[in-house]
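For reference, the structure is listed below as structure tokens.
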Amino acid sequence: MLKEFLQGFWSGTARLILRNRIIILLIITGITIFMGLQWKHMRFSNTEANVLPDDHPETLQYEEFVSIFGQEDNAIVLAVQDSSLFLPGNFNRWNRLSKQFQANPEVNLVISTDNLQELIKDNEKQEFVLKDLIQEEPSSEAEVSAIKTKLFQELPFYESLIFNKESGTIRTIIYLDKDILNTSVRNEFILSDLENLVENFENETNLDVRVSGMPYIKTWNSKIIIDEIGNFIIAALAVTSLIFFFFFRSFRATFISICVVIIGVMWTFGILGLFKYEITILTALIPPLIIVIGIPNCIFLINKYQQEVKKHGNQALSLQRVITKIGNATLMTNVTTALGFATFIILDSDLLKEFGIVASLSILCIFILSLGIIPIVYSFMSIPKYKHLKHLNKKWMDTFVNWMERVVRNHRIAVYFTAVTVLVLSIIGIYQIQITGSRIEDLPKNAKFFQDIRFFEKEFDGIMPVEVVVDSKKKNGIAKLATLRRMEALSQEIDEIPELSKTLSVVNLVKYSKQAFYNGIPKYYQLPTTQENNFIMDVARKSSENGNLLESFVDSTGQIARMTTFMKDVKTPRMEEIEGDLLKSISKIFPAERYNVYMTGKALLFLKGTKYLIKNLLLSLALAVGLISIFMAYLFRSFRMILISLVPNLLPLVITAGLMGFLGIPIKPSTILIFSIAFGISVDDTIHFLAKYRQELTANKWYIKKSVYNALRETGVSMFYTSIVLFFGFSVFIISSFGGTQAMGGLVSATLLFAMLSNLILLPSLLLSLERNIANKKTFKKPHIDVLPSQDNEGGTN
């Protein structure tokens with residue numbers, strides 16, 4: 001009954017499409033215009049996506065920190081490592097550059113040699129005051145040298161903050177207005193104002209300025225993503241069009257297919273705008289994905305149309321059969337592909353959820369466009385001539401199909417031996433895979449801003465902030481000497497970790513206060529004794545400048561303090577070790593009954609987010625396998641057929657995972673993503689093959705061998721065509737500057753190539769070997785695969 005209903009449905013769909021051609025084209029045009037109008041709502045992401053849910057404990061702790069101290073990643077750092085900086089002209093120009101930055105409304109504060117202040121004690125008023133380090137613009141090398149000597153030798157408070165004593169590197173810190181951090185204003189300031197000022201300075205002084213900091217990295221990250229969207233779309237169109245033309249040798253068919261996928265891309269951008277989603281590093285991949293996935297739809301439909309024309313020459317009948325015979329099979333394959341992406345929707349990560357929603361909807365849209373446009377456009381055109389059909393008789397393709405049939409017919413033992421051998425080797429490779437990742441390892445390695453990151457890691461031990469928050473549970477409890485000593489003890493523990501920079505906290509300020517109390521003598525840059533602390537605190541309380549300095553380190557009640565350190569780019573396993581060591585030190589130094597101490601910051605959020613993401617992506621892969629298994633169960637109503645259909649699609653995933661282990665490619669968010677995507681796409685070939693196989697079984701009265709060989713001959717060509725398009729289509733992502741995108745492109749391409757061979761050789765071999773069990777109608781109940789209408793025996797597609 002369901003079979004009859006669906007056959008009637010697709011016949012009705014064919015009549016509806018072909019009898020209402022103008023109306024359907026107008027509807028598609030109207031929707032396309034509507035989607036185009038939604039583009040104005042598109043915006044590129046200016047924020048760093050937090051993959052953790054909003055109610056995750058780590059997210060809540062970070063939000064609590066931000067509510068007290070504000071965002072900690074608003075600093076841009078500039079540095080020069082060149083002795084000629086200390087020539088009077090260059091030194092003054094460097095200080096003038098700082099003034100130019102400070103003049104911008106986007107900048108909240110600049111700390112540089114131009115405005116460094118020395119904390120001194122006013123003996124008359126018995127209070128601390130701040131005095132400018134540079135009173136007048138130096139005019140000679142001796143004056144600059146005196147400033148440098150004082151800074152490097154007498155002001156340890158600024159060491160690792162403004163200068164590196166060993167290398168002589170000087171840096172300037174620009175703190176952006178926190179209100180613009182996640183807006184386009186930040187990008188405009190960095191890409192225009194800051195870049196121009198730095199370029200002018202370099203041109204005038206011939207000094208190389210290094211620039212970094214999280215706002216700077218995020219801005220250049222966004223810019224490269226934006227630039228690459230156009231490159232991906234152009235490359236995907238060029239590659240798929242060339243392959244399509246090579247197969248069909250028809251400008252007309254190629255042009256129609258390009259138009260279909262371009263409209264699909266327009267709809268994808270419209271969906272992004274309609275939902276007001278930001279364009280991120282993931283959603284930026286969807287437009288070229290739609291091109292790569294849409295072209296195979298066009299291949300199946302146009303190939304079937306040309307075969308029907310070649311068979312009987314009746315254009316109207318050919319177009320009707322395209323819809324009735326290919327429509328349902330193409331729908332099923334697009335649904336399984338969409339399911340592979342839709343599994344991301346259940347995850348708590350907004351980044352992946354938005355990616356899953358837009359990708360799955362766009363895939364269904366490209367199916368509707370393919371089915372709606374191609375038959376209608378061809379109905380207005382003249383019937384294809386002989387030259388348009390010559391590709392159906394390619395001798396090299398016949399040779400390829402004959403080779404596959406010989407392998408399946410005569411070498412099944414070799415096929416199984418090869419499959420088992422590859423499986424064992426892959427399992428060995430899987431055991432060598434590491435689960436890792438780092439904050440910047442996927443960034444473009446050749447970009448100047450990436451090289452500058454490495455420079456700051458070497459000179460100042462990193463740029464990724466890690467915060468330790470100390471809650472003394474008492475008002476003004478931070479000022480207690482016992483608390484300060486505990487914080488100093490933790491600072492010393494942090495100093496022992498090579499991947500972390502020296503800490504910056506209220507402890508540094510108290511040490512500086514003691515140095516000032518003793519007239520600036522550097523050896524007194526240390527925590528005061530109990531007796532000294534009383535005198536120093538009396539002086540500090542009278543000093544308004546001290547209160548201003550404290551705002552950055554302690555909350556308004558004096559109960560909560562922050563300790564800031566910076567982490568180098570390390571892999572997540574090492575990051576976990578560092579976190580574990582620090583937590584042990586914290587529990588040892590700060591009694592839990594008297595202090596509440598926790599760690600936070602963007603570096604730790606990345607660590608927690610990576611672990612959370614990998615766990616959830618594994619869940620999405622399992623869900624994709626489960627959903628598609630249910631889908632296959634609905635189609636075939638046979639447990640054996642479900643297993644047979646899964647083996648050729650799971651084996652390529654295992655092979656790819658094994659290759660990752662042997663090649664040293666770690667499991668991380670950007671690589672584990674490929675498994676759900678590849679599985680959802682590769683199972684399409686299985687559906688096409690088994691659909692045709694089931695029809696052949698019915699036509700050949702359950703004679704297995706003949707059915708398998710017929711199905712292999714008739715689906716092999718289309719499966720080969722589409723797999724080659726997908727392979728080269730996904731390969732375009734290798735041109736990306738981002739390591740994660742490159743890995744996704746290469747690994748998905750490899751997986752789909754393995755899947756093609758598996759479906760064309762291993763799948764029919766399994767069917768032949770298990771023919772007795774499968775042919776037994778008691779175990780292979782009448783399945784719903786009959787909903788894929790029976791097709792005539794013509795080579796090239798199904």
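One residue stands out in the stretch 7-28 among those that are open to solvent by less than 70 Å² (accessible area, probe 1.4 Å), out of contact with any helix residue (DSSP H, G or I) (no Cβ under 8 Å at 6 or more places or on another chain) and part of a helix (DSSP H, G or I): the one that is modelled with the highest pLDDT, namely 12.
Residues checked against (1) at pLDDT below 80; (2) open to solvent by 10 Å² or more (accessible area, probe 1.4 Å); (3) under 30 Å from residue 354 (Cα atoms); (4) of a type in the set (Asp, Glu):
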position: 298; (1), (2), (3), (4): no, no, yes, no
position: 304; (1), (2), (3), (4): no, no, no, no
position: 310; (1), (2), (3), (4): yes, yes, no, no
position: 315; (1), (2), (3), (4): no, yes, no, no
position: 335; (1), (2), (3), (4): no, yes, yes, no
position: 341; (1), (2), (3), (4): no, no, yes, no
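Taken as a whole, the condition of being open to solvent by 80 Å² or more (accessible area, probe 1.4 Å) and part of a helix (DSSP H, G or I) does not apply to residue 31. If you scan the stretch 410-422, which residues turn out to be small (Gly, Ala, Ser) and either without any contact (Cβ under 8 Å) to a residue 40 or more places away in the chain or not in a helix (DSSP H, G or I) (or both)? Result: 414, single match.
The condition (being touching a residue at least 40 places away in the same chain (Cβ under 8 Å) and hydrophobic (A, V, I, L, M, F, W, C)) is satisfied by just one residue among 469, 510: 469. Pick from 605, 613, 617, 582: which is closer than 16 Å to residue 436 by Cα, surrounded by fewer than 22 Cβ atoms within 10 Å (Cβ to Cβ) and of a type in the set (A, V, I, L, M, F, W, C)? Residue meeting the stated conditions: 605.
Total residues in the stretch 167-191 satisfying the condition of being open to solvent by less than 20 Å² (accessible area, probe 1.4 Å), in contact with a strand residue (DSSP E or B) (Cβ under 7 Å, 6 or more places away or on another chain) and not in a strand (DSSP E or B): the figure is 2. Regarding the stretch 388-409, can at least one residue be identified that is of a type outside the set (S, T, N, Q), assigned to a strand (DSSP E or B) and modelled with pLDDT under 90? Among the residues of the stretch 388-409, not one is of a type outside the set (S, T, N, Q), assigned to a strand (DSSP E or B) and modelled with pLDDT under 90, which makes the answer no.
Conditions tested, residue by residue: (1) more than 21 Å from residue 551 (Cβ to Cβ); (2) out of contact with any strand residue (DSSP E or B) (no Cβ under 8 Å at 6 or more places or on another chain); (3) open to solvent by less than 10 Å² (accessible area, probe 1.4 Å); (4) of a type in the set (Asp, Glu).
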{"residue": "487", "(1), (2), (3), (4)": "no, no, yes, no"}
{"residue": "494", "(1), (2), (3), (4)": "yes, no, yes, no"}
{"residue": "497", "(1), (2), (3), (4)": "yes, yes, no, no"}
{"residue": "508", "(1), (2), (3), (4)": "no, yes, no, no"}
{"residue": "514", "(1), (2), (3), (4)": "no, yes, yes, no"}
{"residue": "519", "(1), (2), (3), (4)": "yes, no, no, no"}
{"residue": "523", "(1), (2), (3), (4)": "yes, yes, no, no"}
{"residue": "535", "(1), (2), (3), (4)": "yes, yes, no, no"}
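Please go through the stretch 577-612 and pick out each residue that is free of Cβ contacts under 8 Å to residues at least 60 places away in the same chain and assigned to a helix (DSSP H, G or I). Across the stretch 577-612, the qualifying residues are 577, 579, 580, 583, 584, 587, 588, 607, 611. For beta carbons closer than 7 Å, sequence separation of 6+ or different chains, a first residue in the stretch 490-502 that is of a type in the set (Lys, Arg) and a second that is open to solvent by 30 Å² or more (accessible area, probe 1.4 Å), the qualifying pairs are 502/160; 502/495.
Go through the residues of the stretch 359-370 one by one and say whether even a single one is part of a helix (DSSP H, G or I), touching a Cys at 6+ places or on another chain (Cβ under 8 Å) and modelled with pLDDT of 90 or more. Yes; the residues of the stretch 359-370 include at least one that is part of a helix (DSSP H, G or I), touching a Cys at 6+ places or on another chain (Cβ under 8 Å) and modelled with pLDDT of 90 or more.
Taking residues in the stretch 613-635 that are part of a helix (DSSP H, G or I) and among the β-branched types (Val, Ile, Thr), and partners anywhere that are open to solvent by less than 60 Å² (accessible area, probe 1.4 Å) and at pLDDT below 75, the pairs with Cβ atoms closer than 7 Å and at least 6 places apart or on different chains are 614/669; 614/672.
Restricting attention to the stretch 543-573, the residues that are modelled with pLDDT under 80 and exposed (fewer than 13 other Cβ atoms within 10 Å of the Cβ) total 4.
The residue that is modelled with the lowest pLDDT, among those in the stretch 518-542 that are under 17 Å from residue 488 (Cα atoms) and not charged (D, E, K, R), is 533. Here 316, 338 are screened, and the one residue that is assigned to a helix (DSSP H, G or I) and over 34 Å from the mean Cα position of the chain (by Cα) is 316. Summed over the stretch 239-258, the residues that are part of a helix (DSSP H, G or I) and either among the polar types (S, T, N, Q) or open to solvent by 50 Å² or more (accessible area, probe 1.4 Å) (or both) give a count of 10.
Candidates 645, 670: the one that is hydroxyl-bearing (Ser, Thr, Tyr), touching a helix residue (DSSP H, G or I) at 6+ places or on another chain (Cβ under 9 Å), surrounded by 21 or more Cβ atoms within 10 Å (Cβ to Cβ) and over 23 Å from residue 715 (Cβ atoms) is 670. Here residue 730 meets the list (1) crowded, with 24+ Cβ neighbours inside 10 Å; (2) more than 26 Å from residue 299 (Cα to Cα) almost entirely, failing just condition (2). Evaluate the following for residue 119: is it among the aliphatic types (A, V, I, L, M), on the phi < 0 side of the Ramachandran plot and open to solvent by 60 Å² or more (accessible area, probe 1.4 Å)? No.
For the stretch 75-98, the set of residues classified as open to solvent by 10 Å² or more (accessible area, probe 1.4 Å) and touching a strand residue (DSSP E or B) at 6+ places or on another chain (Cβ under 8 Å) consists of 75, 77, 81, listed by residue number. Considering only the stretch 125-135, state which residues are at pLDDT below 75 and either among the small types (Gly, Ala, Ser) or exposed (fewer than 12 other Cβ atoms within 10 Å of the Cβ) (or both). Within the stretch 125-135, just 125 meets the criteria.
Kindly check whether there is at least one residue in the stretch 209-217 that is touching a residue at least 60 places away in the same chain (Cβ under 8 Å), of a type in the set (S, T, N, Q) and either open to solvent by less than 20 Å² (accessible area, probe 1.4 Å) or over 17 Å from residue 117 (Cβ atoms) (or both). Yes, because at least one residue in the stretch 209-217 is touching a residue at least 60 places away in the same chain (Cβ under 8 Å), of a type in the set (S, T, N, Q) and either open to solvent by less than 20 Å² (accessible area, probe 1.4 Å) or over 17 Å from residue 117 (Cβ atoms) (or both). I'd like to check something: does the stretch 711-727 contain any residue that is open to solvent by less than 20 Å² (accessible area, probe 1.4 Å) and outside any helix (DSSP H, G or I)? No: zero hits. Taken residue by residue, the stretch 757-768 has no member that is within 24 Å of the chain's Cα centre (by Cα), surrounded by fewer than 24 Cβ atoms within 10 Å (Cβ to Cβ), in a helix (DSSP H, G or I) and without any contact (Cβ under 8 Å) to a residue 40 or more places away in the chain.
The values are calculated or read from the model by the stated rules, or taken from the named source; none is laboratory data. Not measured: the values here are computed from a predicted model. So basically every Cβ, Gly included, is an ideal-geometry build from the backbone, and we count neighbours across all protein chains shown. Note: accessible area is taken over every heavy atom of the protein model, side chains too, but ligands, DNA and RNA are not part of it. Shrake-Rupley method; radii C 1.70, N 1.55, O 1.52, S 1.80 Å.
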